[in-house]
1. Please give the number of the condition Ala116 fails out of (1) small (Gly, Ala, Ser); (2) farther than 25 Å from Leu255 by Cβ; (3) assigned to a helix (DSSP H, G or I).
2. Pull up segment 189-199, narrow it to residues that are surrounded by fewer than 13 Cβ atoms within 10 Å (Cβ to Cβ) and not small (Gly, Ala, Ser), then point me to the one that is farthest from the ligand (Cβ to nearest atom).
3. Does segment 236-260 hold any residues that are open to solvent by less than 10 Å² (accessible area, probe 1.4 Å) and small (Gly, Ala, Ser), and which are they?
4. Examine segment 80-102 for a residue that is surrounded by fewer than 21 Cβ atoms within 10 Å (Cβ to Cβ), touching a residue at least 24 places away in the same chain (Cβ under 8 Å) and within 16 Å of the ligand (Cβ to nearest atom), and state whether such a residue exists.
5. In segment 141-169, which residue that is open to solvent by 10 Å² or more (accessible area, probe 1.4 Å) and among the charged types (D, E, K, R) is nearest to the ligand (Cβ to nearest atom)?
6. Within segment 274-288, is even one residue within 16 Å of the ligand (Cβ to nearest atom), of a type outside the set (Lys, Arg), outside any loop (DSSP other than H, G, I, E, B) and out of contact with any Gly (no Cβ under 9 Å at 6 or more places or on another chain)?
7. Could you tell me how many of the residues in segment 56-76 are open to solvent by less than 30 Å² (accessible area, probe 1.4 Å) and away from the ligand (no atom under 16 Å from the Cβ)?
8. Please work out if Gln53 is in contact (Cβ under 8 Å) with a residue 60 or more places away in the chain, open to solvent by 40 Å² or more (accessible area, probe 1.4 Å) and not in a loop (DSSP other than H, G, I, E, B).
Amino acid sequence: MSSRRQFLGTLSAGALGALWINAAATRTVQAAVARAGGRSPEDLARDEDFWFQVQQAYTVDRSMINLNNGGVSPTVRVAQEAMRRHYEHANKAPSRTMWQQQDPQVETVRTGLADAFGCDREEMAITRNASESLEILIYGIDLKAGDEVVAAALDYPRMLNTYRQRELRDGIKLNLIDLPSPVTDAEAVVAAYEAALTPRTRVILCSHVIFATGQIMPVRALCDLGRRRGIPVIVDGAHAFAHLDFRRDDLDCDLYGTSLHKWLTAPHGTGFLYVRRARIGDIWPLMAAPEPRGTDIRKFEEIGTHPAANRLAVAEALGVYGALGAARKLARLRHLRDRWIARVAGDRRVRFATKLDDAHTGGFTTVEIEGIEPSPLTGYLWQQHRIIVTPIDYGGVRGIRVSPNVYTTVAEVDLFADVLEAVLANGLPSGQ
Ligand SMILES: Cc1ncc(COP(=O)(O)O)c(C=O)c1O
């Protein structure tokens, strides 16, 4: 392992990026990108021949139209294949093949993730999901009775429940702010967080993208606010990494957790935790480590025996994402979003939970339809049309969240729009 680490240590970040792409990208995506030449992401977003190639990188069942990629995405084909190979190899003699061979190889994935996020690999821990990453932070920062935490009522319920559990157990206080939906004034949002701070505030939790609406939050300004006031800011990036086009330094954040099985389309049960190097020593691991106050990021990975296969196969998903490129992916997601939205936005009963410009929304949003409840509409879409969306009834948002992914075809989006138009014209059938 040490010679491999030394070898990787000699490569620049750019060279490592190229290594990922060459080693792991599917031939179809790579070839399509090569043919695309210097075309802009927005131009390419409309090129169905290009996206046909990308669609082939997935093994989805086209007899269903899956517009819930925000919940969990299908794993890209090459990552599934790699995972199967790794799993079979692990089972030859796991104490040797998994523990001794495969577990050390996870270092390569750490380097790839750090390269994609824009941090040092010694700041990158590989976890099972965003929940694990964020709970490490939520439980790992010391709080005592009377200490306060500021978060938004629209943050993800599990993360808020973790602080609620600390309220019961440790006597802390969770202060929630209400965000408007849509958000139209980022400065007002930052001012609302600032107004909620008290001399007892010890942590700010904020989402990078709000799960219920698709709202992009002013994370950079919130991190600046935290730094000015000496308060750590935990960024929940479950819906942002490999969806938005950004790097760590764009946010200037110290603490960031995400899943990789949503927008990266990596194997299920993968995530990462980024902790800025200077902060690693301050944060307790969730499961005990030999040096809990140490500065080795791997202390957050002390979770006992776990499969190496899904972690190793993250390399393949990174390869495909690297070949496709963050800007091309985001432009395509926005193109798909705008395509269905254009069909229904003119109806006065239709309202969107986000402002539909690049500053506020990426590839997904939630549509609210006056007079039509989210759950029956979701049921109707599935039962009558095999279309999968997510009903949202949370924090005052009541609608359906529509989250296509890069494998989604325009025909699928158009079929969804046809059905939505018909619902607007005729209502839901009785009994639905
Ligand atoms: C904003 C946000 N945070 C955290 C999570 C938890 O992600 P996971 O289930 O992958 O741990 C989700 C899942 O949807 C989410 O949307």
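1. All conditions pass for Ala116, except number (2).
2. Pro199
3. Gly237, Ala240, Ala242, Gly257, Ser259 - these are the residues of segment 236-260 that are open to solvent by less than 10 Å² (accessible area, probe 1.4 Å) and small (Gly, Ala, Ser).
4. For segment 80-102, residues surrounded by fewer than 21 Cβ atoms within 10 Å (Cβ to Cβ), touching a residue at least 24 places away in the same chain (Cβ under 8 Å) and within 16 Å of the ligand (Cβ to nearest atom): absent.
5. So the residue we want is Arg158.
6. No; the residues of segment 274-288 include none that is within 16 Å of the ligand (Cβ to nearest atom), of a type outside the set (Lys, Arg), outside any loop (DSSP other than H, G, I, E, B) and out of contact with any Gly (no Cβ under 9 Å at 6 or more places or on another chain).
7. 4
8. Against the criterion (in contact (Cβ under 8 Å) with a residue 60 or more places away in the chain, open to solvent by 40 Å² or more (accessible area, probe 1.4 Å) and not in a loop (DSSP other than H, G, I, E, B)), Gln53 does not qualify.
The values are calculated or read from the model by the stated rules, or taken from the named source; none is laboratory data. Treat the numbers as computed from the prediction; the structure is a model and nothing was measured. In this analysis, Cβ positions are derived from the backbone assuming ideal geometry, glycine residues included, and neighbour counts consider all displayed protein chains. SASA here: full protein model, heavy atoms, side chains in, ligands and nucleic acids out. Shrake-Rupley method; radii C 1.70, N 1.55, O 1.52, S 1.80 Å.
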